[in-house]
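Read through the structure below, which is laid out as structure tokens, and then see the notes.
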């Protein structure tokens, strides 16, 4: 039985020939992302803006679509619903109302009237500005700590040039994701932060695969020019990179179109993250090794390679 080859086995794409153009594209993307963030800002969700949390339990399995239809015309601003534990439990997030605590209680009463009888109210909480500010700080700290520990891991596993290159690529992915959310005005909430951390993990995994092949080729082809060696390493791992990204995107597209409103933001962030993460592994993390003056003699082991293997 003949296997189908989606990607040719012996590709020889000169990736490093396009590194300057790719760096220019990345620079423009970063400037635009920072610009949109500073000018438009992020459309923070209830998690970060504060609001009202209402946990309810219905007598039968909750119909999220019907409940959302009941609450959509109450003029209370953003209202988000999601299943919470059992299929009869629903968590309702209501945008923080202008005014005092009395106005928040009035909004809760409006919601209760819209939901009608047969609903058990298990919890009603108010998320104030202080709590939302703490969540923003915690989200920033989580992303920065993730980047730091990933850099340390890559640094110890490879050389310092690899660690710096990986973190720059990860920062590129994070800033680009924040930028697209700012540009499109999409809701930025805790699930988006989770998506960013997932994107960082996905991207670093892809980068490590490429870096591992770079290190292997540095030991094997000791006299090959670094630009040619990096292009060869990218071609060696191209099939794995593209097929992994494509299969991941297929699953994410299904989630985006059929997964419902609750995970739409998460799915979009992941789709964008897979695209930009694949790009950065090829055109940011790898070309930076040239700019950081990676030397083969620092990577190649004395016990690996032979004179016969020193040329391609």
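On inspection, residue 137 passes the criterion of being loosely packed, with under 14 Cβ neighbours inside 10 Å, at pLDDT 80 or above, out of contact with any helix residue (DSSP H, G or I) (no Cβ under 6 Å at 6 or more places or on another chain) and closer than 27 Å to residue 185 by Cα. For region 217-230, state whether one or more residues are crowded, with 20+ Cβ neighbours inside 10 Å, closer than 30 Å to residue 80 by Cα and either touching a helix residue (DSSP H, G or I) at 6+ places or on another chain (Cβ under 6 Å) or outside the structural domain of residue 141 (by TED's automatic domain parsing) (or both). The answer is no; no qualifying residue exists.
One line per residue, one yes/no per condition, for (1) within 30 Å of residue 173 (Cα to Cα); (2) touching a residue at least 24 places away in the same chain (Cβ under 8 Å); (3) within 29 Å of the chain's Cα centre (by Cα); (4) surrounded by 15 or more Cβ atoms within 10 Å (Cβ to Cβ):
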{"site": "38", "(1), (2), (3), (4)": "yes, no, yes, no"}
{"site": "49", "(1), (2), (3), (4)": "yes, yes, yes, yes"}
{"site": "52", "(1), (2), (3), (4)": "no, yes, yes, yes"}
{"site": "57", "(1), (2), (3), (4)": "no, yes, no, yes"}
{"site": "86", "(1), (2), (3), (4)": "no, yes, yes, no"}
{"site": "96", "(1), (2), (3), (4)": "no, yes, yes, yes"}
{"site": "104", "(1), (2), (3), (4)": "no, yes, no, yes"}
{"site": "107", "(1), (2), (3), (4)": "no, yes, no, yes"}
{"site": "127", "(1), (2), (3), (4)": "no, yes, yes, yes"}
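So which residues in region 184-216 are assigned to a loop (DSSP other than H, G, I, E, B) and either at pLDDT below 85 or surrounded by fewer than 16 Cβ atoms within 10 Å (Cβ to Cβ) (or both)? It would help to see each step written out before you state the result.
First, the residues of region 184-216 that are assigned to a loop (DSSP other than H, G, I, E, B): 185-186, 189.
Within region 184-216, 185, 189 meet the criteria.
Count of region 204-239 residues, restricted to those that are closer than 18 Å to residue 19 by Cβ and without any contact (Cβ under 8 Å) to a residue 12 or more places away in the chain, is 1.
Only residues that are over 24 Å from residue 60 (Cβ atoms) and not in a strand (DSSP E or B): list them for region 86-108, please.
We begin by selecting, within region 86-108, every residue over 24 Å from residue 60 (Cβ atoms); these are 95-107.
Residues satisfying the conditions are 96, 97, 98, 99, 100, 101, 102, 103, 104, 105, 106, 107.
If you filter region 251-292 down to residues that are within 16 Å of residue 23 (Cβ to Cβ) and not in a helix (DSSP H, G or I), you find that the one that is farthest from the chain's Cα centre (by Cα) is 292.
The values are calculated or read from the model by the stated rules, or taken from the named source; none is laboratory data. Note that the structure is predicted; figures quoted are calculated from it, not measured. Counting neighbours? That spans all protein chains shown, and the Cβs are built from the backbone with ideal geometry, glycine included.
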